[in-house]
1. Of the residues 89, 99, only one is within 14 Å of the chain's Cα centre (by Cα) and either surrounded by 15 or more Cβ atoms within 10 Å (Cβ to Cβ) or closer than 17 Å to residue 48 by Cβ (or both); which?
2. Would you confirm whether or not the range 53-63 contains a residue that is buried (at least 17 other Cβ atoms within 10 Å of the Cβ), free of Cβ contacts under 8 Å to residues at least 40 places away in the same chain and within 13 Å of residue 103 (Cβ to Cβ)?
3. Residue 77 is checked against (1) of a type in the set (Val, Ile, Thr); (2) modelled with pLDDT under 85; (3) out of contact with any helix residue (DSSP H, G or I) (no Cβ under 6 Å at 6 or more places or on another chain) and fails just one. What number does that condition carry?
4. When residues of the range 1-23 are filtered for being touching a helix residue (DSSP H, G or I) at 6+ places or on another chain (Cβ under 8 Å) and either at pLDDT 85 or above or farther than 17 Å from residue 77 by Cβ (or both), how many remain?
5. Would it be correct to say that residue 5 is over 12 Å from the mean Cα position of the chain (by Cα), closer than 21 Å to residue 68 by Cβ and free of Cβ contacts under 8 Å to residues at least 40 places away in the same chain?
6. Test residue 27 against the stated conditions and say whether it is surrounded by 13 or more Cβ atoms within 10 Å (Cβ to Cβ), under 16 Å from residue 62 (Cα atoms) and in contact (Cβ under 8 Å) with a residue 60 or more places away in the chain.
7. Which ranges mark the strands (runs of 3 or more DSSP E) fully within the chain that have 2 or more residues being among the β-branched types (Val, Ile, Thr)?
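The values are calculated or read from the model by the stated rules, or taken from the named source; none is laboratory data. This one's a predicted model, so the numbers in the text were calculated from it and none came from an experiment. All Cβ positions, even for glycine, are placed from backbone atoms using ideal geometry, and neighbour counts span all protein chains on display.
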Amino acid sequence: MLPKSRRLSRLEFNKIFRAGKWISSVFFNGKFLAGAPKSGFAFVVSKSVAKTAVARNKIRRRCYNALHELLSEYPETPTIIFISKKGIEKVPFKDLKKEIGAILNKF
């Protein structure tokens, strides 16, 4: 899990969602804000992706764990909200980590 200092508060989340720019990849859509004072992250998994809360939380935990393993390689990143797409629950952890790394490489 990410440290609390790297997770977004509700106020930060709303600000980035309104003012951020869109990015897209195979498993994620997202919003990012490059000029934010701190680097933070959030993962959103909607009911259209997974019906049960247990499944949504499992996807979210896998994403946070993949990001946690990659953070040491990317010390300076913008604030990003990752929005999961359908089919992400079937993706192996290795591919999920690779996809998050590819998004971070764009910055």
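1. Numbers: 89 fails: within 14 Å of the chain's Cα centre (by Cα).
Just one listed residue meets the conditions, 99.
2. yes
3. (3) is the only condition that residue 77 fails.
4. Selection size over the range 1-23: 2.
5. yes
6. For residue 27, the condition - surrounded by 13 or more Cβ atoms within 10 Å (Cβ to Cβ), under 16 Å from residue 62 (Cα atoms) and in contact (Cβ under 8 Å) with a residue 60 or more places away in the chain - is met.
7. On the way: elements: 21-24, 28-33, 41-44, 79-84.
Strands (runs of 3 or more DSSP E) meeting the threshold: 79-84.
Conditions tested, residue by residue: (1) touching a residue at least 24 places away in the same chain (Cβ under 8 Å); (2) exposed (fewer than 15 other Cβ atoms within 10 Å of the Cβ); (3) in contact with a Ser or Thr (Cβ under 8 Å, 6 or more places away or on another chain).
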| site | (1), (2), (3) |
| --- | --- |
| 23 | yes, no, no |
| 31 | yes, no, no |
| 38 | yes, yes, yes |
| 44 | yes, no, yes |
| 83 | yes, no, yes |
